[in-house]
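These notes are about the structure you will find just below.
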Amino acid sequence: MKYLMLGVVLMTNQLFAQDALGVSLYETFTYNKPNINTKTEVYLGDRMVEQAEGSYRICVIPKNTKVKTIMGTTYEYKANQPICKPKEKAGRYVVGYENLSYRGGYMKAAVKVKKSKSGIKLSICPAIACSGGVKYAENEIEISDRKFVYSDNTFQQSIEYTGKTGEKLNFTYAETYNDMARAPFTRDFEIDLSEGDVAAFKGAIIKIHKATNVSIIYSVIRNFQS
């Protein structure tokens, strides 16, 4: 048992050291949210625990959707969808959705990002030329040099807080593949605070510190084990 505990401690220290050193931009890794043994607060409907494969990228994220149509061609910039450089030194950015439509056809096209004192101008570039430009003020767009972005065609797991009924806390576990929910693998579960303050599901272990029907404060003791 002593050797087992020592192994767990060493593994935890290694993971902490790796997290402390950070992960390089565009390096694919398994992302776990939040950090182990860290008090975290989320609100109703938020993801409490998440595991996914992806990488940190240089991105801009519009806070609201803007659509522009010019001579039958429609250019779309979706809210809360990252527009990211495919490589650190790339000149143009890419999106994970079809942002250009023309004569009933849809495609993903590169995006040009031009910064100015008043904000950012985005334009869509199906070829060398760019068009359909829109402007975002500074408070309308997030600029990040380290945004976590899911890898394409990968498996994701999450636990969401769905509220409190008396002494019972309600959660939803979900699995997602390539941004599509796997309905047979979505499960609701609950814990009764009168019987304990620890929830466990699919290998994840969560300690509850405080919960209301609006928010929950918790620590993750162990991540998903898949």
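None of the figures in this text is laboratory data; all of them are computed from the coordinates on show. Nothing here was measured: the structure is a model prediction, and the numbers come from that model. Cβ: placed from backbone, ideal geometry, glycine included. Neighbour counts: every protein chain shown.
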- Note on the structure: If the chain between Phe201 and Met107 were fully extended at 0.36 nm per residue, the gain over the current Cα-Cα distance would be 29.9 nm
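Please give me, ordered by residue number, the trypsin sites (Lys or Arg not before Pro) of the range 61-148 that lie in loop per DSSP and have at most 13 other Cβ atoms within 10 Å.
Working: sites: Lys63, Lys66, Lys68, Lys78, Lys87, Lys89, Arg92, Arg103, Lys108, Lys112, Lys114, Lys115, Lys117, Lys121, Lys135, Arg146, Lys147; in loops: Lys63, Lys78, Lys87, Lys89, Arg92, Arg103, Lys108, Lys117.
Here the trypsin sites (Lys or Arg not before Pro) that fit, given the DSSP loop and packing criteria, are Lys63, Lys87, Lys89, Arg103, Lys117.
Name the GluC sites (Glu not before Pro) in the range 144-217 that are in a loop by DSSP and that have at most 12 other C-beta atoms within 10 Å, would you?
Values: sites: Glu160, Glu167, Glu175, Glu190, Glu195; in loops: Glu167.
Within the range 144-217, the qualifying GluC sites (Glu not before Pro) (loop, at most 12 other Cβ atoms within 10 Å) are Glu167.
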- Query: Once you list every other residue whose beta carbon is under 15 Å from the beta carbon of Gly45, what net charge do they have if Lys and Arg are +1 and Asp and Glu are -1?
  - Reply: -3
- Calculate for the chain the 222 nm mean residue ellipticity that helices alone would give, adding -39,500 (n - 2.57) per DSSP H run of length 4 or more and normalising by residue count, nearest 500 deg cm²/dmol. -3000 deg cm²/dmol
- Query: With the dipole of the chain worked out from charges on the C-beta (+1 for Lys and Arg, -1 for Asp and Glu) around the Cα centre, which of Gly54, Thr212, Asn37 lies farthest toward the positive end?
  - Reply: Gly54
- Item | Per-q log10 I(q)/I(0), the chain, q = 0.07, 0.15 Å⁻¹ (Debye; single scatterer per alpha-carbon; no solvent) | -0.31, -1.09
- Message: Which lysines, if any, have their Cα less than 24 Å from the Cα of Lys164, not counting same-chain residues under 8 positions apart?
- Response: Lys33, Lys39, Lys202, Lys207, Lys210
- 0 to 90° range, to nearest 10: angle between helix 2-21 axis and the chain longest Cα axis: 20 degrees
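What translational D, rounded to a whole number of µm²/s, comes out for the range 58-150 from Stokes-Einstein when the hydrodynamic radius is the Kirkwood one over Cα pairs, at 37 °C and 0.692 mPa s?
Values: Rh = 13.3 Å.
So the translational diffusion coefficient is about 247 µm²/s.
Can you give me the Rg/Rh ratio for the range 90-135, using Cα atoms for both radii and the Kirkwood formula for Rh? Kindly include the intermediate steps, with their values, before the conclusion.
On the way: Rg = 11.1 Å, Rh = 11.2 Å.
Checking Rg against Rh, the ratio lands at 0.99.
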